[in-house]
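Notes follow the structure.
The values are calculated or read from the model by the stated rules, or taken from the named source; none is laboratory data. As the structure is a prediction and not an experimental result, all values here were calculated from the model. Cβ placement follows ideal geometry from the backbone for every residue including glycine, while neighbour counts extend to all protein chains displayed. Just the protein is used for accessible areas: all its heavy atoms, side chains included, with ligands, DNA and RNA removed. Shrake-Rupley method; radii C 1.70, N 1.55, O 1.52, S 1.80 Å.
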Amino acid sequence: MVDWLTMTIQMASLAMAGWCLVSTFRDQPMLVPHLVGMGVLWLLVIGQAVASAAAVVGGDRPAEAAMFVSYLATVVLLPPACAVWGFMERSKWGPAVIAFACLVLAVLMVRLEQLWNPVA
Amino acid sequence: MPDTATPADRTLRTGPGRLLVAVYSVFALAATARGSYQLATRFGEAPLAYALSVAAGAVYLVAAVGLARAGRVSRTVALAACGVELAGVLLVGSLSVFVPGLLPDDTVWSRFGSGYVFVPLVLPVLGLWWILRVHRTDRDRPGAGDRT
């Protein structure tokens, strides 16, 4: 886990969640800017996943490695999954799904950080 | 009873329904994964609590599929799943508060879902509200009652 990436991902996903909530209340469907935002977020998450996976393979792994890897996989799958949702639902509920996913993403990053550095 | 897709059936999974399906899927995954992992690694500590998490995950999955599929049968299934969920979160929530020794480790439904910002408590209510709303529009449409 790269600390500054974790922080950046959390800030970015919370910002995305806020933005998508505003879009929901403005009755907008998912638009290209949302997709670009999710793309950037996804790249950040993939970067973090690759760095963490490299560390795990290199021997620097948390105590509950299986748990950590499964959380990591979920986090990587989350942004494309909610983008697909945004394509299916061409109404204000598309951004609502993305907002929810971004909040879950921020929580999952906290959980990953706890697994990586358990506070005993 | 054929699982035919009437216009109202389609509205079950569009709009707010789509958001509900997303939230239910995430909770299905979270509860099932957490419960199975705990059952596999720490079965001896609190088997009842872990089994309960898996069961809760299964109910969430049934509700998610029921909401996502178009059809009257699916709607009934989703309605039942949401009802079971509401009963479960209230029962397990009260048990965890009044009989703390019964479940040594936390489940999704412990303390009314406080570990998950009370989403497990709100979710079945929203689910029931949405299904009943769609059900009502479907029933009020003329001729809709013929197709059962």
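Per-residue accessible area for residue B:135 at 1.4 Å probe radius, Å² rounded to 10?
Surface accessible to solvent at residue B:135 totals approximately 80 Å².
Probe radius 1.4 Å, ligands and nucleic acids left out: which of B:85, A:64 has the largest accessible area, and how do the rest follow?
Putting B:85, A:64 in descending order of accessible area: A:64, B:85.
From the backbone phi of the range A:75-84, what are the Karplus-calculated ³J(HN,Hα) couplings (6.51 cos²θ - 1.76 cosθ + 1.60, θ = phi - 60°) in whole Hz, Gly and Pro given as x?
Once rounded to whole Hz, the list reads 4, 5, 7, 4, x, x, 4, 6, 5, 4.
Would you kindly derive the ³J(HN,Hα) couplings of the range A:23-31 from the backbone phi angles with the Karplus curve 6.51 cos²θ - 1.76 cosθ + 1.60 (θ = phi - 60°), listing them in order in whole Hz, with x for Gly and Pro?
Whole-Hz 3J(HN,Hα) from phi for the range A:23-31: 4, 4, 6, 8, 6, 9, x, 5, 10.
Once phi is turned into θ = phi - 60°, what whole-Hz ³J(HN,Hα) does the Karplus curve with 6.51, -1.76 and 1.60 give for every residue of the range B:88-94, x standing for Gly and Pro?
Running phi through 6.51 cos²θ - 1.76 cosθ + 1.60 with θ = phi - 60° gives x, 5, 6, 5, 5, x, 5 Hz.
Not counting the cut sites, what is the longest span of chain B without chymotrypsin sites (Phe, Trp or Tyr not before Pro) that DSSP labels loop and that have at most 15 other Cβ atoms within 10 Å?
B:44-117
On the protein heavy atoms, probe 1.4 angstrom, tell me the percent of accessible surface of chain B carried by carbon and sulfur.
Roughly 71 percent, rounded to a whole number.
If the only charges are +1 at each Lys and Arg Cβ and -1 at each Asp and Glu Cβ, what is the size of the charge dipole of the protein assembly as shown around the Cα centre, to the nearest 20 debye?
Around 840 debye, computed over the protein assembly as shown.
Any idea of the total accessible area buried by the B-A contact, 1.4 Å probe, rounded to 100 Å²?
1100
Run the paramagnetic zone check for residue A:2: 7 angstrom along Cα to Cβ, then residues of the range A:22-49 with backbone nitrogen under 20 Å.
Answer for this model: A:37-49.
Take chain A, connect every pair of alpha-carbon atoms lying under 10 Å apart with a spring to form a Gaussian network, then pick out the residue of A:17, A:53, A:66 with the largest mean-square fluctuation.
Checking each option, the largest mean-square fluctuation is seen for A:66.
Sum -39500 (n - 2.57) across every DSSP H segment of at least 4 residues in chain A, then divide by the residue count to get the 222 nm mean residue ellipticity, nearest 500.
-28500 deg cm²/dmol
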